[in-house]
Protein chains: 6
Amino acid sequence: MKLSARNVFPGKVVAVNRGQTTAHVKIEVAPGLVITSSITVEAVDDLGLKVGDTATAIIKASEVIVGK
Amino acid sequence: MKLSARNVFPGKVVAVNRGQTTAHVKIEVAPGLVITSSITVEAVDDLGLKVGDTATAIIKASEVIVGK
Amino acid sequence: MKLSARNVFPGKVVAVNRGQTTAHVKIEVAPGLVITSSITVEAVDDLGLKVGDTATAIIKASEVIVGK
Amino acid sequence: MKLSARNVFPGKVVAVNRGQTTAHVKIEVAPGLVITSSITVEAVDDLGLKVGDTATAIIKASEVIVGK
Amino acid sequence: MKLSARNVFPGKVVAVNRGQTTAHVKIEVAPGLVITSSITVEAVDDLGLKVGDTATAIIKASEVIVGK
Amino acid sequence: MKLSARNVFPGKVVAVNRGQTTAHVKIEVAPGLVITSSITVEAVDDLGLKVGDTATAIIKASEVIVGK
């Protein structure tokens, strides 16, 4: 499946931090460039996400703020 | 000002595409890794964004979907 | 690819309305239940989206407001 | 009050899962079509949300990704 | 209808700027405090939004970034 | 750094409520007008956010729903 989201970056999971309902997952998409994602714990279990996994960070263009 | 957003990536503007009210800005944050942002034309003018500028892509962790 | 997004609804494209940079795409995911999406025109072209296509509406749980 | 959000789907609450600060609420908006929402625990208490309630899932068009 | 969104601010519409598919609406919610919203032109027409109207800005807590 | 986000409101932190991974921060940006933000606990620690701090609420225009 191809996505309309303009930002689709494959990488490697470097951290999974579980809370009660929300988890934080960190994906390294380029050397030293780590994207942090906040997703449901349900999703972490559903995808079986763990450190070392190949995973993709997906971000809709409308969610990106620009600073200058 | 420091931001709560977990994803703050400095880079270089490689494209600015203006519509009537919405513009798309592309920022290269690592070699070959380009983040696309959809912002208001008003913001493009306000920041004076143009190709070649140093700029930063800012993304809240809660906006990042993970795929596996 | 499996997604962390909790809401992944397959359906049929019933409308594509293109603006200069932003397009609106409507997907019927159940009889009479139409989801409206606002995406980049670039994405519409990239996916070749047109009326009648099978397509999927994807929504992160953190983007859903509840009313009562 | 009428909302600008293009996606306003009434349904029935089928699950409420409370964490420390964030809760997940599931609303069935069509037979078998369940929308998952991640909201604050404060909001769950404020609305008195519980299984069996009539409730509405509200989603802005700019938050919907399209897959094909 | 009561909303789970933690930020619901009534005010007065001070500007409506229409593009082809996206419009920007500005609502003054306190003296000198103007909230800018980017919504579909379809929504502007649907709500009949015009300068001088009483309207409400609604923002989910998960969409607010904090700077310090 | 100047931001593309159209809504940048300075104020004072009036509450910080920490969960396991997600925290809620309330910022008063005008007399009686309090904006609630849901951010990562990591960000709260990173910014050293506490009641009484001067802080800024930042909201992208595309995240604001209008009601009428």
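General remarks:
- Pairs spanning more than 24 Å between alpha-carbon atoms, out of D:K50/F:K68; C:K2/F:K60; E:K12/E:K60; D:K60/F:K2; C:K26/C:K60; A:K26/D:K60: D:K50/F:K68; C:K2/F:K60; D:K60/F:K2; A:K26/D:K60.
- Of the solvent-accessible surface of the protein assembly as shown, computed with a 1.4 Å probe over protein heavy atoms with every protein chain present, carbon and sulfur atoms account for 53 percent.
- Chain C versus the axis that turns it onto chain A: the residue with the nearest Cβ and the distance in whole Å amount to C:M1, 3.
- Reduction of at least 20 Å² in accessible surface, 1.4 Å probe, comparing all protein chains with the chain by itself, residues of segment F:1-19: F:M1, F:K2, F:L3, F:S4, F:R6, F:N7, F:F9, F:G19
- 7 Å along Cα→Cβ, label-point gaps from A:K2 to other copies, nm, shortest first: 2.5, 3.7, 3.7, 4.3, 4.7
- Helix-only arithmetic for chain D: the sum of -39500 (n - 2.57) across DSSP H runs with n ≥ 4, divided by the residue total, places the mean residue ellipticity at 222 nm at -2500 deg cm²/dmol.
- Candidates per trypsin sites (Lys or Arg not before Pro) in segment A:1-45, loop by DSSP, up to 16 other Cβ within 10 Å: A:K2
- Shortest-first nm distances, D:D46 label point to equivalent points in other copies (7 Å, Cα→Cβ): 2.2, 2.5, 2.6, 2.6, 3.5
- The residues of the protein assembly as shown present an accessible area of 35 Å² per residue when probed at 1.4 Å with all protein chains retained.
- Both chains summed, the buried accessible area for B and F stands near 1500 Å², from protein heavy atoms and a 1.4 Å probe.
The values are calculated or read from the model by the stated rules, or taken from the named source; none is laboratory data. From a predicted model like this one, the values you see are computed outputs, not experimental measurements. Cβ: placed from backbone, ideal geometry, glycine included. Neighbour counts: every protein chain shown. Side chains are part of the model used for accessible areas, which takes the heavy atoms of the whole protein and leaves out ligands, DNA and RNA. Shrake-Rupley method; radii C 1.70, N 1.55, O 1.52, S 1.80 Å.
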